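Before any comments, here is the structure.
What follows draws every value from the coordinates through simple rules; no lab data is involved. Keep in mind the model is a prediction, meaning the values are calculated, not measured. Methodologically, a virtual Cβ is constructed for each residue, glycine included, from the backbone with ideal geometry; neighbour enumeration extends over all protein chains shown.
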Amino acid sequence: MESKADALASFRPHDLAPVQSALKEIEEKFRAPRTQGGVTAIRHFPAREPRVEPFPASLPPRVMEILKARGFACLYTHQAAAFTLAREGKNLVVVTPTASGKTLCYNLPILSELVENPEARALYLFPTKALSQDQLVELNRWTEQLGDQVRTFTYDGDTPQDARKAIRARGNLVITNPDMLHTGILPHHTKWQRLFENLRYVVIDELHYYRGVLGSHLANVLRRLKRVARFYGSQPQFICTSATIANPQELAARILEEDVELVDDNGAPSAEKYFVFYNPPVVNPQLGIRRSYLNETRRLARTFLSRGLQTIVFANSRLATEILVTYLKEDFSQALIGPEAVRGYRGGYLPLERREIERDLRNGLLRGVVATNALELGIDIGSLDVALLAAYPGTIASTWQRAGRTGRRQGTSAAVLIASSAPLDQFMVQNPEYFFGRSPEHGYVNPDNLLILLNHLKCAAFELPLGEDEKFGSLDLRRLCEHLEETGFLHHTTDGWHWLSESYPADAISLRSVSSDNFVIVDNTSEPRVIGETDFSSALTTLHEKAIYIQNGVQYHVERLDYDDRKAYVHQVDSEYFTDAISYTKIKILETFDSAPAGPAPAEGPTADGGAASQLRPAGGSARSNHGEVQVNTQVVGFKKIKFHTMENVGSGELTLPEQEMHTTAFWLTLPRSLMDELPYNSTERLDGVNGLANALGAIATLLVMCDARDLGTSVGENAELEISEPSVDSRFRGNDDEVSRGDAARRPYVTTAVAKGDGVHISEPFSERPGRRTVVRKIFEPNIYLYDRYPGGVGLSEPLFRMSDSLLEKTRELIADCPCPSGCPSCVGPVGEIGEKGKEVALEILRRMVTGT
């Protein structure tokens, strides 16, 4: 890998290829210090020659003939290694870059097995229907040449009912997804007897995709799969493929709960590639405001597309995707290629529309596509020239995966990361050595998450009775079954636990989201027609009444959101603005698993009123790190109207949507009253500093635990405490509003009203005094900064953050202190308009006192 200077030196002023020419123009126009903006790094990756091995001797002659007829004279080294391990009966995970021929790593041993034993069965699991369809096209080429020995079918929600029986009876290679395995195959295993009796191989493609909640669900689905297979007398072998992550072997072993061999010696060739980091220029140094990353992405996309380079633009949200599609269609409305040469691609589009876009990309009919991570996985979309990443995707692994969508076959390609103003983006583009010298993130799963495990235990009992000595996860099975018996789901007999309920458990459990419900989008512009669908959580922020919903650059106004029937009714409009939802989050602590001082405890000393500080603060007197279980309540309460192009806020509206409740795990910092009281700022400035500190902590936390920024939520709550100095009553109490209003308030007639705000008690009316008695009441304000798992039950992020809290505080202090802005900006604590003129100063002072104890 060459340095930026070497890469620039490789450019020639004349006779440049289109990709190099465009990069040279960008570099010459925007050459500036890293903190000010422009191109901060260019890395050149030279073309690499292939490393090959001859066909294995155990390869069936018929399979070898077909390979030779298709132009294969040998195998890449990783393909040969995978074939050998698979034929030896080993579980394996293949980890090589995009377009390195991973598909042949599992197709070759499985097709060889089916040729030799047509009664054997194989099950392919892909995370999306698009990948399933893509693989079906490839396998059909083999089927045409192998004849009836290989009978390949897809089995998913789109499979016609009249075809399902034939697939169950005849198919010896079934392509499906974890969701269909969970709801449509395992609960009906008696109909799939021939598959489970002869199940030889299970393929799990894109293993890196299965982390967090989805990976935890998949591990439990595979527990159920192996359990049903044992019942029918088979023990399948697993072949996994993955993009490059830090712990593929560990992740595979955790999900499969079996020993796994690693194949990561990539022998595939690669074409020449450039990787560019671009930071939008600063337009307001005082406020630290940069040019909009969306406008800069638009401008760069125009540069590449106008040179005839086929370009894919990745955005991190559906809204950003549609905004960019709108901009690019405007740019090319009068150009030769026309606006139809650019399209959007994301979840929510109808399946036929997505297949059409994929086909047009492969055929070169589409010159540009703007996509969410829906095109990040290995769908064949042909040979693209340029990938533009509109903002850092959240992980190093995902960044490389998106960059790998270009240059899949031959020729020079480029990937350009355009940073947003978010702290994590700014850290990456200003420290490119961290990105290029760092291994990608770890994949974490928690299959024994109690909520997930209990749900799959219900499904397992529905499928087959649970034995007394059976093992399902690492938790005590008997206690879990006793709990399910008490709640009416199981019945205990001498031979085990049997399903008792009339419900169908798998249908109520989504592997991917909090709710299994999707909202259907109905266009009422003329004749009513369904134009798409979206998941439950996204619907509340994108399909609320008065929202501007955008699909493929077409704007729709949401007339009505039918919450009960899960439908949104829209009509086409031509709007000058789009909408952005405003949500409110409230967190309540349910249980503290562990707690420890965060930094040195402050010395004992008198308070402002002459009292002893130690009497008014928690034991130890210092800021505290905690982790435990919390209840998160979220509600969409309004929306902003943001004008296209200028990004001005041109209006707002209020909403009343149902509140969503979730139990999860969290890490939180409690800032003691002593620390807050000693800060030389007023109460508003202190709160601004706490909010700014929360923003920066959230950014650094994602780096430390190597997770996607969207896996962690950030919120500021309040740990309120009341001190009552009247001698005849308990001198101090804590509680939420239920405890106060039903308990202490009822026993203390001088308490007029006590209500909850955040996660502690506030006084909404003054405390009254008993006649003839003097009562002194003080409210102690102690903010909590929460970093919580965004998934029910948590996926194991809070405990590592608790262990690394000292490093979290120190690195957050470095991030804020090293930022060149004077008073706060989106790259550190947040913009001044949100965190106040002294937000940055106060946040640094809090951290200084916590880290140094002074």
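Ranking P187, V650, L388 by how far each Cα lies toward the positive end of the dipole of the chain (charges on Cβ) leaves L388 at the top. The convex hull around the C-alpha trace of the stretch 433-509, projected and averaged over every direction, spans 7.1 square nanometres. Length available on full extension from S583 to M64: 0.36 nm per residue minus the Cα-Cα distance, which gives 181.0 nm. Placing +1 on the Cβ of every Lys and Arg and -1 on the Cβ of every Asp and Glu, with nothing else charged, gives the stretch 488-580 a dipole about its Cα centre of roughly 100 debye. Stretching the chain fully between V650 and A47 yields a gain of 212.1 nm (0.36 nm per residue, less the alpha carbon separation).
Place a label point 7 angstrom from the Cα of S537 along the Cα-to-Cβ direction, then list the residues of the stretch 620-651 whose backbone nitrogen is under 17 Å away. Within reach of a label on S537: 630-637. The overall shape of the stretch 316-379, judged from the alpha-carbon gyration tensor, is oblate: a/c is not under 1.5, and a/b is no greater than b/c. Over the C-alpha trace of the stretch 470-532, radius of gyration and Dmax come out as 19.9, 63 angstrom. The listed peptides 37-45, 272-280, ordered by packing as a protection proxy, come out as 272-280, 37-45 (highest mean of other Cβ atoms within 10 Å first). Working note: Cα gyration tensor of the stretch 154-226, eigenvalues times five, square-rooted, sorted largest first, giving semi-axes of 22, 13, 11 Å.
The mean of 1/r over all pairs of different alpha-carbon atoms in the stretch 63-164, once inverted, gives a Kirkwood hydrodynamic radius of 14.9 Å.
Against the chain, whose longest principal axis comes from its Cα atoms, helix 102-116 is set at around 50 degrees.
Percent of Cα pairs in the chain per distance bin of 10 Å, from zero to the largest separation: 2, 11, 19, 23, 21, 14, 6, 2, 1, 0, 0.
Taking θ as phi - 60° and the Karplus parameters 6.51, -1.76 and 1.60, the scalar couplings of the stretch 689-696 work out to x, 5, 5, x, 4, 4, 4, 5 Hz in sequence order, x denoting glycine and proline. Inter-part distance, the stretch 131-172 to the stretch 815-854, computed on C-alpha centroids, equals 58 Å.
The trypsin sites (Lys or Arg not before Pro) of the stretch 411-493 that DSSP puts in a loop, and whose beta carbon has at most 13 other beta carbons within 10 Å, are K471. By the beta carbon rule, with partners counted only under 4.7 Å, the chain holds these lone Cys residues: C74, C105, C240, C459, C481, C707.
Beyond 13 Å, the tail of the calculated P(r) for the stretch 797-837 holds 59 percent of the Cα pairs. Considering the stretch 117-169 at the alpha-carbon level, its Rg and Dmax are found to be 11.6, 29 Å. Taking a cut-off of 24 Å, what percent of all Cα-Cα pairs in the stretch 294-440 are separated by more than that? Tail fraction, whole percent: 27.
For the ranges 144-156, 286-298, what's the packing order if you count other beta-carbon atoms within 10 Å of each residue, average per peptide, and put the highest first? Could you put the intermediate results ahead of the total?
Numbers: 144-156: 16.8, 286-298: 20.4.
Top to bottom by mean Cβ count within 10 Å: 286-298, 144-156.
Dipole magnitude for the chain: computed about the Cα centre from +1 point charges on Lys and Arg Cβ and -1 point charges on Asp and Glu Cβ, it is near 1600 debye.
Among the listed pairs K471/K588; K273/K641; K329/K840; K129/K191; K641/K838; K329/K640, which have their C-alpha atoms separated by more than 32 angstrom in this model? From the list (K471/K588; K273/K641; K329/K840; K129/K191; K641/K838; K329/K640), the Cα-Cα distance tops 32 Å for K471/K588; K273/K641; K329/K840. Projecting the Cα atoms of Y210, L287, T303 onto the charge dipole of the stretch 184-305 (Cβ charges, centred on the Cα centre) puts L287 farthest toward the positive pole. Counting only alpha carbon atoms, the long axis of helix 351-363 and the longest principal axis of the chain meet at about 60°.
Divide by every residue of the chain the summed helix terms, -39500 (n - 2.57) for each DSSP H run of at least 4, and state the resulting mean residue ellipticity at 222 nm, rounded to the nearest 500 deg cm²/dmol.
Details: 25 runs with 273 residues, N = 854.
Estimated from H runs of four or more residues: -9500 deg cm²/dmol.
Count neighbours as other Cβ atoms within 10 Å of each site's Cβ, and list the GluC sites (Glu not before Pro) in the stretch 487-553 that are DSSP loop with at most 10 such neighbours.
Here the GluC sites (Glu not before Pro) that fit, given the DSSP loop and packing criteria, are E502.
Amide H contacts of C240: L92, V93, V94, I204, each under 5 Å away and 5 or more positions distant or on a separate chain (H built 1.01 Å from N in the peptide plane; Pro and chain starts excluded).
The slack in the chain from R512 to V530, taken as 0.36 nm per residue of separation less the alpha-carbon distance, amounts to 4.2 nm. A simple rule links phi to the HN-Hα coupling: the Karplus curve 6.51 cos²θ - 1.76 cosθ + 1.60 with θ = phi - 60°, which for the stretch 220-231 gives 6, 4, 6, 4, 5, 4, 5, 5, 5, 4, 4, 4 Hz, with x for Gly and Pro.
Calculated from the alpha-carbon coordinates, the stretch 396-554 shows an Rg and a Dmax of 24.2, 68 Å respectively. Classified by the C-alpha gyration tensor, the stretch 97-146 has a prolate form. Its axis ratio a/c, with a ≥ b ≥ c, is 1.5 or above, and a/b is larger than b/c.
Toward the positive end of the charge dipole of the chain, with +1 on the Cβ of Lys and Arg and -1 on the Cβ of Asp and Glu, the farthest Cα among Q249, L365, T665 is that of L365. Taking amide hydrogens as placed 1.01 Å from N in the peptide plane, the amide H of A120 sits under 5 Å from that of no residue at least 5 positions away in sequence or on another chain.
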